[in-house]
Amino acid sequence: MASGFAKPITIKEAIDKIVARKYLIPAIQRKFVWSGEQIEVLFDSIMRGYPINSFMFWEINTPEIKNSFKFYQFLTEYRQFFKEDNVDIDTKGNDDFYAIIDGQQRLTSLYLGLKGSYAYKMPRKWWKDNEDCLPTRRLYLNLASPVRDEESSMKYDFRLLTEDESKYEDKDTKWYRVNEILRWGDDKEFRQYLRSEPLFQDNDFAYDTIYTLRDRIFKDELINYYLEDKQDIDQVLEIFIRTNSGGEPLSFSNLLMSYTTANWTTRDARKSFDDLIHHQVYSIGKPNFIINADLVLKTCLVLFNDNIKFQVKNFDNSSVVKFEQNWDKVSSAIIEAFKLIESWGFNDSNFRAKNAIIPIVYFIYHNGLQDIINNQAKLTNVKPLIRQWLCLSLLKGVFGGQPDNVLTKIRKVLERHKGDCIFPLDEIKDAFKEDASKNLSFSEEFVDGLLTTQKDQSNCYTILALIYSHLNFNQEFHKDHLHPYSYFCKLQQGNMTDDEYNFYKDPLNYNSVLNLQLLNGDLNKSKLDSPLNQWVNDKSIDLDNQLIPKNVSLDVSNFRSFITERKSLLKKRLLSIVGA
């Protein structure tokens, strides 16, 4: 048929076409990004007869498109971060099919609700692909009563629940797994089912709800779609960009990923990105480093483009080709950069400004250091400078807000030293010295604030790594209390004055950087809760190396004087490092 609106179909017909792989997702499409709440609201809207907007399908009927363009199947099991990528399908020689140009998020949500599962990360859990972190959920509908929360915009109580959660019921709750409705395509069998269930005899809401659900899936032609039959990929790409300006916003990074996927010719861009993000980089760090495609795309722009903004003009065909041609070296530089900062004690919890990795990747890539940057015997004069720059940048928050100007300035400095294996720390400092919000200098007030940082705060390790930058970071280091934490937790006032007791019990004194050190992992395991003075004598600890003051008693009874002296020592150390 010619392009135009086609006869609407039912949700069941659309689901059947997805199962039969008659509906596929073109490579230009982004990932599925809807939240569980959006899925629930979509089903509520359908039940209430609200419009769910038109769709746009692209009829694929020529061997040229089938053989040269990539297509993907719909997600059947969504697991946040771990299973977000669609499985590709070889369409060479296939019968004609339809690619989803507009409506992928809605169709995927319908499919997951009726045929699949959805798993999202539980709060306060480390990212692990298991049921404890990401329990499998399916869509349920409460047949016993409507939504009882007066502040909710929903009428029908749809929820993504685990199997165990679905078992918790009371007089107002009867969870019905939504995919069960697909069993009742035959009218006679459906009526027999209703007569056999006491719930539908005793509860009018349950009876009306199950009937409405079945009608919406099997009878109502709710999938209204425009069919495009032109076999011109450039025209379809333009249509895709225009139609995706509504709904879930198509960001520049989404668009750039679409261009990349559509134009790489020798490898599958989505698979390459997925392997780098979900396997190579994710295998590094404890907890594992979590990055996304935006970071990878931004890295590629910084490596090869003078203008690094996410703009279409900066991502033309020549740029895409350059990314693909150099992908092996680019991905290797990214992997080695994360391995490098892991060796310095960083992980996903304490390395929050992910854009800070990009200058390190640039340095590795343009100096060809992928094979030697993590060799402990190599570049021993260079790596400490990189680590110092990284710590300074993280602590000053220079990558907060809009990082493009920061990356552009650093790129210009690094570009002047391509190939000479020099990390120009002082030149980078000079480039930012006039920028009040991004300079790498520390005032005394700023240093005082850093020294009050608590042990479990995300930037604590970064502060200690800067203070202890003289150590050999080829070893594993732990954050450790000097005077043991357990002493202060158990401390009773006894004969202490109120002032003295309050000083000892104040976490700003005993649990802050003032009472912390970086300690070799093996030595830390042997220290345990040993009193500081005993541990120093028993292990013959180098006080200078561990930045422990010499001119004060290390007995815990002298804790106030110890903290005063150590603050002076650490403050002097920090200010000397940053050149203040």
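Just so you know, in the range 353-371 the residues that are part of a helix (DSSP H, G or I) and aliphatic (A, V, I, L, M) include one that is farthest from ILE291 (Cα to Cα), and it is ILE364. Mind checking which residues of the range 255-301 are part of a helix (DSSP H, G or I) and either without any contact (Cβ under 8 Å) to a residue 40 or more places away in the chain or acidic (Asp, Glu) (or both)? PHE273, ASP274, ASP275, ILE277, HIS279, ASP294, VAL296, CYS300, LEU301, listed by residue number. Restricting attention to the range 335-352, the residues that are open to solvent by less than 40 Å² (accessible area, probe 1.4 Å) and part of a loop (DSSP other than H, G, I, E, B) total 7. Among the residues of the range 548-579, just one is touching a helix residue (DSSP H, G or I) at 6+ places or on another chain (Cβ under 6 Å), part of a loop (DSSP other than H, G, I, E, B) and either small (Gly, Ala, Ser) or under 30 Å from TRP389 (Cβ atoms) (or both), namely PRO549.
So how many residues does the range 201-236 have that are part of a helix (DSSP H, G or I) and open to solvent by 60 Å² or more (accessible area, probe 1.4 Å)? If you could, list the steps in order and put the result at the bottom.
Of all residues in the range 201-236, those part of a helix (DSSP H, G or I) come to 201-202, 204-218, 233-236.
Cutting the leftovers down to open to solvent by 60 Å² or more (accessible area, probe 1.4 Å) gives us 201-202, 204, 207-208, 211, 234-235.
Number satisfying all stated conditions: 8.
Cβ-Cβ distances below 7 Å connect the following pairs, each with a first residue in the range 452-478 that is within 23 Å of PHE503 (Cβ to Cβ) and open to solvent by 30 Å² or more (accessible area, probe 1.4 Å), a second residue that is assigned to a loop (DSSP other than H, G, I, E, B) and at pLDDT 85 or above, and a separation of six or more residues or different chains: GLN454/ASN511; LYS455/ASN511.
Taking the stated definitions as given, is PHE559 touching a residue at least 60 places away in the same chain (Cβ under 8 Å) and under 24 Å from PHE351 (Cβ atoms)?
Values: touching a residue at least 60 places away in the same chain (Cβ under 8 Å): yes; under 24 Å from PHE351 (Cβ atoms): no.
Answer is no for this residue.
Residues in the range 82-112 that are in a loop (DSSP other than H, G, I, E, B) and more than 24 Å from TYR140 (Cβ to Cβ): ASP85, ASN86, VAL87, ASP90, THR91, LYS92, GLY93, ASN94, ASP95, ASP96, GLY103.
Does SER437 count as more than 21 Å from HIS470 (Cα to Cα), of a type in the set (Ser, Thr, Tyr), in a loop (DSSP other than H, G, I, E, B) and open to solvent by 40 Å² or more (accessible area, probe 1.4 Å)? Break it down into steps so the answer makes sense when it comes.
Numbers: more than 21 Å from HIS470 (Cα to Cα): yes; of a type in the set (Ser, Thr, Tyr): yes; in a loop (DSSP other than H, G, I, E, B): yes; open to solvent by 40 Å² or more (accessible area, probe 1.4 Å): yes.
Criteria met by SER437.
Cβ-Cβ contacts under 7 Å between residues 6 or more apart (or on different chains), taken from a first residue in the range 408-421 that is touching a residue at least 12 places away in the same chain (Cβ under 8 Å) to a second residue that is among the acidic types (Asp, Glu), are listed as VAL413/GLU427.
When you look at ASP499, is it free of Cβ contacts under 8 Å to residues at least 24 places away in the same chain, over 26 Å from ILE410 (Cβ atoms) and under 29 Å from the mean Cα position of the chain (by Cα), yes or no? Before the answer, list the steps.
Numbers: free of Cβ contacts under 8 Å to residues at least 24 places away in the same chain: yes; over 26 Å from ILE410 (Cβ atoms): yes; under 29 Å from the mean Cα position of the chain (by Cα): no.
Considered against the rule, which asks whether it is free of Cβ contacts under 8 Å to residues at least 24 places away in the same chain, over 26 Å from ILE410 (Cβ atoms) and under 29 Å from the mean Cα position of the chain (by Cα), ASP499 comes out as no.
Applying the criterion of being touching a helix residue (DSSP H, G or I) at 6+ places or on another chain (Cβ under 8 Å) and open to solvent by 30 Å² or more (accessible area, probe 1.4 Å) to the residues of the range 397-414, the residue that is nearest to SER458 (Cα to Cα) is LYS409.
The values are calculated or read from the model by the stated rules, or taken from the named source; none is laboratory data. These numbers come from a predicted model, not from an experiment. Positions of Cβ are generated from backbone atoms using ideal geometry, with glycine treated the same way; all protein chains shown enter the neighbour counts. Surface accessibility is based on the protein's heavy atoms, side chains included, excluding ligands, DNA and RNA. Shrake-Rupley method; radii C 1.70, N 1.55, O 1.52, S 1.80 Å.
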